[in-house]
Amino acid sequence: QVQLVESGGGLVQAGGSLRLSCAASGTIFSRNDMGWYRQGPGKQRELVATISTGGGGTNYADSVKGRFTISRDNAKNTVYLQMNSLKPEDTGVYYCHARHLFLSLDYWGQGTQVTVSS
C-alpha cells in the first residue's frame with residue numbers, strides 16, 4: 001500500500017521559513033513525479049510545485065516562484081518543499097502528491113497545516 005506522510009508544517013510569522021517533508025513508502029519512489037499542492041481557507045486545492053522523477057525538472061506556481069524550492073532525495077524516498085519569505089496568503093493545508101511515471105496512478109498524503117501570521 002502506497003503511503004505519503006507529510007511533516008514540517010506549523011505556525012510562522014510573515015517573512016519566516018518552513019521546510020516540509022514528504023516520506024513515501026509502498027512504491028518505487030524514483031518512478032514517481034512528485035508535487036506539492038495546497039488548499040487555503042475557502043479555496044480549491046492548487047498546484048504549488050512539481051519535480052520530475054530524477055529531480056531534473058521543476059515547476060512552480062507563479063505565486064511562489066523565487067520563494068519556494070522543491071527537491072527530492074530518491075535514496076531517502078523523500079520530497080521536500082523549502083518555503084522562504086512566507087506570506088499570509090501561503091496559509092493552507094499542504095498536500096504531497098505522487099504520480100507514477102508508467103502506471104498513471106496518483107497518491108495523496110494526509111496534508112500538513114501551514115499558518116502564516118501577519
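The values are calculated or read from the model by the stated rules, or taken from the named source; none is laboratory data. Worth saying up front: this structure is predicted, and the values here are computed from it rather than measured. As a convention, Cβ positions derive from the backbone with ideal geometry for all residues, glycine included, and neighbour counts pool all protein chains shown. What goes into the accessible areas is simple: the full protein's heavy atoms, side chains included, and nothing from ligands, DNA or RNA. Shrake-Rupley method; radii C 1.70, N 1.55, O 1.52, S 1.80 Å.
Remarks
- Which listed residue is assigned to a loop (DSSP other than H, G, I, E, B), closer than 20 Å to residue 17 by Cβ and open to solvent by less than 70 Å² (accessible area, probe 1.4 Å), from 63, 71: 63
- Pick from the range 61-118, criterion hydroxyl-bearing (Ser, Thr, Tyr) and under 12 Å from the mean Cα position of the chain (by Cα), ranking: farthest from residue 33 (Cα to Cα): 112
- Of the numbered criteria (1) buried (at least 18 other Cβ atoms within 10 Å of the Cβ); (2) part of a loop (DSSP other than H, G, I, E, B); (3) among the small types (Gly, Ala, Ser), the one residue 98 fails is (2).
- Selection status of residue 81, open to solvent by less than 30 Å² (accessible area, probe 1.4 Å) and out of contact with any helix residue (DSSP H, G or I) (no Cβ under 9 Å at 6 or more places or on another chain): yes
- Scanning the range 17-53 for residues that are open to solvent by 70 Å² or more (accessible area, probe 1.4 Å), touching a residue at least 24 places away in the same chain (Cβ under 8 Å) and over 18 Å from residue 113 (Cβ atoms) returns a single hit, 31.
- First in the range 58-82 and without any contact (Cβ under 8 Å) to a residue 24 or more places away in the chain and more than 19 Å from residue 24 (Cα to Cα), second anywhere and of a type in the set (Asp, Glu) and open to solvent by 60 Å² or more (accessible area, probe 1.4 Å), Cβ under 7 Å, 6 or more apart: 61/46
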